[in-house]
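The values are calculated or read from the model by the stated rules, or taken from the named source; none is laboratory data. From a predicted model like this one, the values you see are computed outputs, not experimental measurements. Because the Cβ atoms are built from the backbone with ideal geometry, glycine has one as well, and the counts that use them run over all protein chains shown. Quick note on the areas: whole protein, heavy atoms, side chains included, nothing else; ligands and nucleic acids left out. Shrake-Rupley method; radii C 1.70, N 1.55, O 1.52, S 1.80 Å.
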Amino acid sequence: MFPFLLPLWEADLTARAAVEQGIAASVTDIGTGALLTGAEGSLAGLARAPRAEYGFSLGGSYARAAYFTLGAAPSIPNDSASAALDGRAAWQTSPRTSLSWNTGGYLATRLGVRADDALAQRDPFLYGQRLQYTIATGPGFSVTTSRRSFLDMAASYEQTGAVSGEDPRAVGVDTHEALARLRYSYELSDVDAVGPEFEYNYTHYYNALLDIYLNRGSADVHAGTALFLWTHAFGSRTVTRIGAGVTVASPPPIVGSTAAVVAPAARAGLTYATGRYDFMLDYAYEYTSLGARIGYGQEHNAIAQLSFLPLKGGKFRDVVMTGVARAAIGSAPIAANPPVLPDPDLVPPSLEGTLTTITAAAGARMDVPLLVGLQMYGAFDLEFVRATFDPPSVLGQTNGGLRTIWTIGISGTISTDRRQMVPQEPAGDPRLDTGASAARTALTRFDSAATQTDLVGIENQMTPALIAPGDTRQPTKAEEESRSTTENDKRSTTENDKRSTTENDKRSATEKERQNKGTTRTPSAPGNGARTAPGNSSAPPVGGSSPPADGSKPPATDNGTPPPDPSNPPPADKDGSPSPRNGAPSRPDSGKSPTAPTESPPPGSAPGNIAPPLPR
C-alpha cells in the first residue's frame, strides 16, 4: 500500500528481474546460430479506487549475440532487444456506464520479436537488422441498456514503423490506422447472447506492396464490416461464439478496378477454464491488413492461449506452464506487368497477380519456483514467415525463414502483493472474476486477446473488463480476504460475547440460588397479605402478624410440606448439596414457574462457589 502517493487507494507494485542464457538457430541455414546472453526486467503497478482502476507495465530485455557458423556469414541479425509499455485505466461513470482507455507501445529488433508480442510486425520481405516500433491507444465505452442487453463502443489509433535499419528504405512510418467498433448484445438467457457488430477501419500505407517486382508506394484503404454474433456458454467452464457477416472495402491500388471489394467475414471462438487449465482459441476469416508493408487481403487468422498446471498435487501447484500460438495465411491481389512484346497468337496475360503470405509464431514457458520470489524458467520460441507470388516474380521467391530460440534463466520478483511473487495459476473461471455474465466476459476476452498474450503474467494484473457496468466494482482478492477475516473476527467476537454473557448469567443465577437455598418464602394465611422476611423464617411477619404459638403446627408450603427448620437443616449428600426431605424438591429451582426455565449448575460445582467456565 502507498497511502502517501494515492490516499485511501489500494496500490500494488511488482518488480521483476532475470538473467538468462539462450541459443538462436535458423532452420533454413543449417549450422548457423547465435548464443544469447542477457537479462530482462519488468515493472508493473496497479491502483484501485472505489470506482476506478489504473495500471501500467513496463518491460524490456537485451541479449548479446555471439554468432557461430559452419558456412557462409550468418543471416541472423544482430543483438536481441525489446521493450514494451502498457497503460490501462477504467472508470465507472454511472451505475450503468463505464469508460476505459488503453495505451500500448512496442519496440524490438528482428531477433527480439517473440511469439507473445502481439504488437510485433512480421514481414517476410525484411532482411538484416531493423528496429521496429508500434504505438496504439484508444478509449472504450460500455452501457448497460437493460437487464439483458448492453452496448460496447471502442475506438483506437495505431502507428507502425521503424526507428532504424540496415536498409534506409525500411526506416520511417509504415502505416496510420484508425478503428471504430460498435456492438450490441442481447442475452436471450443466462447462457446465450446474440447481437450485431459494426466495424470501420481506415489505413494509410506509406510502403504498400504494389507489384511482383517489389515496388512500393502509398495507398489508402477504407473497410466496413457488419457481423452477427452468437455467444453460448456450456455450463460454467466453456463459452463459445460464432459470427458471420460481410466486409465492403475500397479497391486495392494498381489492379485496374474501381469497384468496391465485397468479401465474406466469419469468426469463431472458444474459452475453456477449470481449476488446472485455462484455454482460449479465436479464429477469424476476413478482409484485413496482411502487414504494415504489404496491404489488404483475405486472411485466415487464428490465435490460441493456454495456461495450465502440468503436475498434480498441492506440492507442485506453483509450477505453471503457459503457451501462445498465432498463425495467419493471407492472399492479396497485386499488379503483374505483362511482357513488352507479347505473342499476338496467345491470350494476353493477366494484369493481376496474387501474393500469398504465411506467418506463424509459437512460444511456451515453464516456471518452477525455488523460493517465494525466486524461480527458474525455461522458454521456447518459434517463428516462420514466407511469401510467394503467382505468377513468380523475376526477382525470385522469398525463401522464408524458420527461427527457433531456446532460453533458460533465473528470475527474482518483489511485490507488495505476495500473490505476484509466485507464478500465476490459471483463471479457473471463464468469467475472470469480473462479475459480468459469461457471454459478456467471453466477448471482452476475445477482443483483448490480441494485447494480452504475455507469457510472464505479472503485467496482466488488471482483468480485461475492469468494471462491469450496472454493478459496483468487484472487490479484489485482498479485499475479499480482508473482508472475510474481518467478518470472521466479528463473528468470533460476537460468539465469545454471547458465550461469556451466558456463562456469567449462569454463574450469577447459580450463585444466587445457592445463597438462597436455605431460605423459603412462607405464604401468608388466607386473607392475610403478610409475608416473612427474606432469609429468616423465624422473623416476625411483615404487617404486624404474630408468630405461631409454641407447639402449634407450622403452616404448610405451596406443595403441602412444612417449611424447613433453620435450626435443623437437612443432611447433606456426598456432593455437598442438601438431600430432599419430606417430598421437598431436590433442586431449589424446581418450585419456580414453568414459564421461567433455569439452568442447573454445572456438574462438579460446589455450593457457594462460582461454577467453572464452560468448555469452548
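Figures for the structure shown
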{"quantity": "The stretch 172-237: Cα Rg divided by the 2.2 N^0.38 Å rule of thumb", "calculated": "1.75"}
{"quantity": "Over 17 Å [Cα-Cα, the stretch 239-300], rounded percent", "calculated": "55"}
{"quantity": "Restricting the stretch 282-337 to trypsin sites (Lys or Arg not before Pro) in coil, as DSSP defines it, with at most 12 other Cβ within 10 Å", "calculated": "312"}
{"quantity": "Accessible area in the full protein assembly, largest first, 1.4 Å probe, for 377, 54", "calculated": "54, 377"}
{"quantity": "Sparsely packed trypsin sites (Lys or Arg not before Pro) within the stretch 82-180, loop by DSSP, other Cβ within 10 Å at most 12", "calculated": "147"}
{"quantity": "Enclosed volume per residue, in Å³, of the convex hull spanned by Cα atoms of the stretch 67-211", "calculated": "170"}
{"quantity": "Probe 1.4 Å - accessible area at residue 141, Å² to nearest ten", "calculated": "70"}
{"quantity": "Alpha-carbon spread of the stretch 137-216, three principal axes, descending order, Å", "calculated": "57, 26, 19"}
{"quantity": "Protein accessible area in the stretch 188-310, 1.4 Å probe - carbon and sulfur %", "calculated": "64"}
{"quantity": "Normalised contact order of the stretch 96-178, rounded percent, pairs of Cα under 8 Å and 6 or more residues apart", "calculated": "29"}
{"quantity": "Solvent-accessible area of residue 234 with every protein chain in place, 1.4 Å probe, in Å² to the nearest 10", "calculated": "120"}
{"quantity": "Accessible-area value, residue 286, 1.4 Å probe, nucleic acids and ligands omitted, Å²", "calculated": "40"}
{"quantity": "Cβ-derived FRET efficiency at R0 56 Å, residue 15 paired with residue 151, nearest 0.05", "calculated": "0.90"}
